[in-house]
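Novice: A single structure is presented below for examination.
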Amino acid sequence: MGSVVEVIDNSAENRYEARIDGTVAGVAEYIRSKGLIAFVHTEVEPQFEGQGVGAALVRTSLDEARRTGMAVLPTCPFYAGWIARHPDYQDVLYQSRSRVTD
């Protein structure tokens, strides 16, 4: 049985932190504005790779975005790839409402 991954929003650092036994195992950095959160970088410490840390970061942060009505802009390739593999999270994605065309 693996260790429990605890994910918290460290808003002072603009990142979600995944902790295992109190140690920061990974982070998901973001930029938050009114109604929108952009995930810009995700990193998992090498000794914690393969333990579900990245997935825990994404799932927890997207669940919170959904709960608070925030749209998500996944500029981080890890986030974009995870969301592409989990279509049940498509509803939280930011949709451009611009009507400008070329």
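Novice: For residue 46, are the conditions met, namely being modelled with pLDDT of 95 or more, over 20 Å from residue 12 (Cα atoms) and either acidic (Asp, Glu) or in contact with a helix residue (DSSP H, G or I) (Cβ under 9 Å, 6 or more places away or on another chain) (or both)?
Specialist: Criteria not met by residue 46.
Novice: From the list 44, 27, 72, 92, which one is within 12 Å of residue 5 (Cβ to Cβ), crowded, with 16+ Cβ neighbours inside 10 Å and aliphatic (A, V, I, L, M)?
Specialist: Values: 27 fails: within 12 Å of residue 5 (Cβ to Cβ); 72 fails: within 12 Å of residue 5 (Cβ to Cβ); 92 fails: within 12 Å of residue 5 (Cβ to Cβ).
On inspection, the qualifying residue turns out to be 44.
Novice: Does residue 52 count as surrounded by 14 or more Cβ atoms within 10 Å (Cβ to Cβ) and on the phi > 0 side of the Ramachandran plot? If you could, list the steps in order and put the result at the bottom.
Specialist: Details: surrounded by 14 or more Cβ atoms within 10 Å (Cβ to Cβ): yes; on the phi > 0 side of the Ramachandran plot: yes.
Yes.
Novice: Checking the conditions here, which among 29, 43 is touching a residue at least 12 places away in the same chain (Cβ under 8 Å), under 13 Å from residue 61 (Cβ atoms) and acidic (Asp, Glu)?
Specialist: Details: 43 fails: under 13 Å from residue 61 (Cβ atoms).
Step by step, each of 29, 43 is checked, and only 29 is touching a residue at least 12 places away in the same chain (Cβ under 8 Å), under 13 Å from residue 61 (Cβ atoms) and acidic (Asp, Glu).
Novice: While we're looking at this one, here's another question. All but one of (1) at pLDDT 95 or above; (2) under 16 Å from residue 94 (Cα atoms); (3) in contact with a strand residue (DSSP E or B) (Cβ under 7 Å, 6 or more places away or on another chain) hold for residue 35; state the number of the condition that does not hold.
Specialist: Answer for residue 35: the failing condition is (1).
Novice: When you scan region 53-68, do you find a residue that is part of a loop (DSSP other than H, G, I, E, B) and either modelled with pLDDT of 95 or more or over 26 Å from residue 4 (Cα atoms) (or both), even just one?
Specialist: Taking region 53-68 and keeping what is part of a loop (DSSP other than H, G, I, E, B), we get none.
Scanning region 53-68, I find no residue that is part of a loop (DSSP other than H, G, I, E, B) and either modelled with pLDDT of 95 or more or over 26 Å from residue 4 (Cα atoms) (or both), so the answer is no.
The values are calculated or read from the model by the stated rules, or taken from the named source; none is laboratory data. These numbers were taken from a predicted model, which means no experiment stands behind them. Reconstructed Cβ throughout: ideal geometry from the backbone, glycine too, with neighbour counts over all protein chains shown.
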